[in-house]
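Below: one structure, written as structure tokens.
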Amino acid sequence: MNAAVFAYSRQGCRTARKVLAFFAGEEVRAYTMERFGEKGFLPLPRPGRPLYGESFCWADAMVFVGSAGIAVREIAPFVKDKRTDPAVLCVDELGTYVIPLLSGHIGGANALAIRLARALDAQPVITTATDINDKFSVDAWAARQGLWIDSLGAAKAVSAAILEQNIPLTSDFPIVGALPNGVIQEDSGEIGICVGYRARRPFDRTLLLVPPVLHLGIGCRRGTDEQTIAAAVDRVLEEHALHPKAVKMVSSIDLKADEAGLLTFCKKRELPLSFYTAAALGSLPGEFTASLRVLQTAGVDNVCERAAMMGAQKLLVQKTVQNGVTVAVAAEKWEVRFE
């Protein structure tokens, strides 16, 4: 975690040192007024806005040791998106209270405030409605699980509705353990939560939460460009109603390790790319769409299906050919857990 800590008085610096101890082992930058000259603290420049803007982009958490008003004023110009804004906390200079001000759920500020308060022997001040009413915080849970939140508007609507009624949830995966307070397992209704890799909306208003669990196996002719590969992948995903954000990685045979189009496609999509030898692919158990031509060329009877299944559990899409590109899709084992 990257953390930026700001203090504005001598006492604030003393409390800030306790905050720094809490972040021991993390990448931390501490700042205070230049006139204090505190060891371990960088000087706060004037004007400070460029530094606060830089910290807002760099840090996962910003901790202001001082008044909440200072924190609000300094971060205000940079607040943009719940998905990307850092956790912002305020600690009074005596270390009595820890208040999450921004990104309480997705950014983890609420959970961080509770942990930091415990370390400081302070009182966390949590104000989000779902938390204080002991209801399920869907965006916080999604963030912890690494799920893509398809619609922040739908997430906000679910968080509001759960204060008044139970919210139905359906899933493409097994649900293990008890459901949290405010959630019931159903697949229809006016508003609900769907956890899955498919682009489906079973409720009148659906909050779709997408885990990265899909593996793409890709093969292609030598010299195939990135646009052709992208078009083939997108068509396969669309035809099978698979959500693009569910794609976790791409795999292929090591003969394609220098294939510029494939490398560029993965770089643009920010997808890790793994290559396997023909022997490794051929040793994978299971039934695959065999091709004598592929066997003679690559040394294994099928590339894309076998590559997709490396580290996965279930083949969802068999070998599909689009303009010289072969695509297969497999899914990892995944379970919905709330505990």
* To do: Would you work out what percent of the accessible area of region 296-339, with all protein chains in place, is carbon or sulfur (probe 1.4 Å)?
  => 39
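Given N residues in the chain, what is its alpha carbon radius of gyration divided by 2.2 N^0.38 Å?
1.22
Provide the gained length on full extension for the span residue 94 to residue 164, in nm with one decimal, where the gain is 0.36 nm per separating residue minus the Cα-Cα distance.
Details: separation 70, 0.36 × 70 = 25.20 nm, distance 3.80 nm.
Here the answer is 21.4 nm.
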* Asked: Which FRET efficiency, nearest 0.05, do residue 284 and residue 258 yield, Cβ-Cβ r, R0 22 Å?
  -> 0.40
* Excluding ligands, DNA and RNA, what is the solvent-accessible area per residue of the chain at a probe of 1.4 Å, expressed in Å²? -> 49
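First measure r as the distance between the Cβ atoms of residue 231 and residue 267, then evaluate 1/(1 + (r/R0)^6) with R0 = 25 Å and state the FRET efficiency to the nearest 0.05. Could you put the intermediate results ahead of the total?
Details: r = 17 Å, r/R0 = 0.67.
For residue 231 and residue 267, the calculated efficiency is 0.90.
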* Run through the DSSP bridge list for the chain and note the antiparallel percent, rounded to the nearest 5. => 35
* Magnitude of the charge dipole, region 1-89, Cβ model with Lys/Arg +1 and Asp/Glu -1, debye to 20 -> 320
* To do: State the percentage of accessible surface on region 1-78 attributable to carbon and sulfur atoms; use a 1.4 Å probe and exclude ligands, DNA and RNA.
  => 53
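Computing the accessible area with a 1.4 Å probe over protein heavy atoms, can you report the carbon and sulfur percentage for region 129-223?
Numbers: 1840 of 4160 Å².
On region 129-223, the fraction of accessible area on carbon and sulfur atoms equals 44 percent.
Say R0 is 35 Å: what FRET efficiency, to the nearest 0.05, do residue 333 and residue 156 get from their beta-carbon distance?
On the way: r = 31 Å, r/R0 = 0.89.
The formula returns an efficiency of 0.65 here.
Between residue 81 and residue 179, what is 0.36 nm times their sequence separation minus the Cα-Cα distance? Round to one decimal in nm. Write out the running numbers ahead of the final one.
Numbers: separation 98, 0.36 × 98 = 35.28 nm, distance 2.87 nm.
Result: 32.4 nm gained on full extension.
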* Reachable lysines from residue 39, criterion Cα separation under 20 angstrom, eight or more residues apart if same chain -> 18
* Rounded to the nearest 500, what is the chain's calculated 222 nm mean residue ellipticity when only DSSP H runs of at least 4 contribute -39500 (n - 2.57) each, over all residues? -> -9000 deg cm²/dmol
* **Spacing of the two label points (7 Å from each Cα toward its C-beta) at residue 42 and residue 67, in nm** => 2.6
* Candidates 111, 76, 143: whichever shows maximal mean-square fluctuation once the chain is modelled as a Gaussian network with Cα springs under 10 Å -> 76
* Asked: Taking residue 267 as the anchor, which lysines have their alpha carbon closer than 16 Å to its alpha carbon, excluding any fewer than eight residues away along the same chain?
  -> 245, 248, 256
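The values are calculated or read from the model by the stated rules, or taken from the named source; none is laboratory data. These figures come from a predicted structure and were not determined experimentally. Positions of Cβ are backbone-derived with ideal geometry, glycine not excepted, and every protein chain shown enters the neighbour counts. To get the accessible areas, we keep the full protein, side chains included, count just its heavy atoms, and leave off ligands, DNA and RNA. Shrake-Rupley method; radii C 1.70, N 1.55, O 1.52, S 1.80 Å.
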